[in-house]
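Heads up, the thing below is written out as structure tokens.
The values are calculated or read from the model by the stated rules, or taken from the named source; none is laboratory data. Note that this is a predicted model, so its numbers are computed, not measured. Cβ atoms come from the backbone with ideal geometry, glycine included; neighbour counts cover every protein chain shown.
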């Protein structure tokens, strides 16, 4: 009988039921079962890793990065990178994007178009129309982060009525 591992984590993006599962995702038991016989091939190739979940027992708290000893935390960050983050600022018709964490190189898109890929953590986009824009970052490991910004129409000065100063 097939033993379903209790803790399977995606190390490199995989396709599951027609969708891409990004790196760093913990698979649910249903997702692991859906992989079926493919699970062994994915484990052998290193796309996913199965580990015993020592926190599955009741009453045990799962550690947070800040609760780990510094030596272990630093080794994990060196091996896995820090979580991917993105922020953006709007100035006129330009958007500046800053990336934190993650693994280089980074690909940044605005509204799923105009991709820019580079190892730098800053990106600049010009000629951006007014409205809400979704910015998505995908790092070298396939992790994704996104943010939505609003580029508002510049306000036109109001004409003064007669007699108004």
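With respect to residue 127, is the statement that it is at pLDDT 85 or above and either outside any strand (DSSP E or B) or surrounded by 14 or more Cβ atoms within 10 Å (Cβ to Cβ) (or both) true? Criteria met by residue 127. The residues in the stretch 130-158 that are modelled with pLDDT under 85 and more than 17 Å from residue 85 (Cα to Cα) can be counted, and the count is 8. Among the conditions (1) in a strand (DSSP E or B); (2) surrounded by 10 or more Cβ atoms within 10 Å (Cβ to Cβ); (3) at pLDDT below 90; (4) touching a strand residue (DSSP E or B) at 6+ places or on another chain (Cβ under 6 Å), residue 114 misses just one, which is (4). Here are 56, 41: which of them is at pLDDT below 75, over 30 Å from residue 128 (Cα atoms) and not in a helix (DSSP H, G or I)? None of the other options fit; the residue is 56.
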